[in-house]
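Novice: Let me give you the structure first, and then I'll get to my questions.
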Amino acid sequence: MTGKTHISIGLMSSAAVLSVNHSSTGGLLVGLALGTVGALMPDIDTGKSTISYRIRQITTYGIVALLAVYVLMSNFSPQVEKINLFLKGIGVYKIFDRMPHNSEFLNTGLAILIVCIIFSKFTKHRSFTHSILGLFIFTLGFYLIVGNAALYFAVGFVSHMLADTLTNSGIGVFYPIKTKIALKLVHTGSMIDHFIGGAAFVLFIVVMTKNL
């Protein structure tokens, strides 16, 4: 399925879990963000995917943003405090609150994710990153970084796997065993694909509206 469809399904799935957990506004934003990343991560094994493109963008703009923040903080002014309060209000700091104080956990988590991403480049599309093994290892990496919030990443990841089982290509859910699950109900990029994405997004809006 297309990246947009996966994002919609990931948002809907994450919102459903968040509604059960009755999360705060900050928690909602963190959960939805992690759910979206999880919904796109399985396609990291192909350079044409949305997540691969976004990682390159995030890396580039992230460095620029960090430099901008450094300059801003070096020239402290009342505006900095306003930005600080805004970031706190929208829940950005919630992410840092969930990060382990033990740097070894953080470093190990990052190392796991980096190794998984590199390894995925040497595997076939919809194999390792669409498997139970991939789900476990990627989620472990995120758990070491953000703790229990990794649940939302896992929810997004699983939503991607389930969605791709509907396609003609299917997924290697039991990797490294080559057996694939393919229900062959949807062609990627077809009207049904877009319909599923649209319906999922509408459900996401409905769930969020009821819980805000």
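Throughout, read-outs are computed from the coordinates displayed, never taken from laboratory work. Bear in mind that the values here come from a model prediction, so they are computed numbers and not experimental data. Heads up, the Cβs are rebuilt from the backbone with ideal geometry, glycines too, and the neighbour counts pull from every protein chain shown.
Novice: Do any of 4/121; 180/210; 4/180; 4/210; 121/210 go past 32 Å between their Cα atoms, and which? Provide the component values of the computation, followed by the final result.
Specialist: Working: 4/121 22 Å; 180/210 38 Å; 4/180 24 Å; 4/210 23 Å; 121/210 41 Å.
From 4/121; 180/210; 4/180; 4/210; 121/210, over 32 Å: 180/210; 121/210.
Novice: Just order 181-192, 116-127, 140-151 by mean Cβ neighbour count inside 10 Å, highest at the front, would you? The partial results should precede the final answer.
Specialist: Numbers: 181-192: 13.2, 116-127: 16.2, 140-151: 19.5.
Ranking the peptides 181-192, 116-127, 140-151 by packing returns 140-151, 116-127, 181-192.
Novice: Right, next: Given H placed on each backbone N at 1.01 Å, which residues far from residue 167 in sequence or on other chains put an amide H within less than 5 Å of it?
Specialist: Amide H to amide H, under 5 Å and 5 or more residues apart or across chains, residue 167 pairs with 183, 184, 185, 186.
Novice: Taking the beta-carbon count within 10 Å as an exposure proxy, list 210, 4 from fewest neighbours to most. Working shown, then result.
Specialist: Details: 210 9, 4 15.
The order, fewest Cβ neighbours first, is 210, 4.
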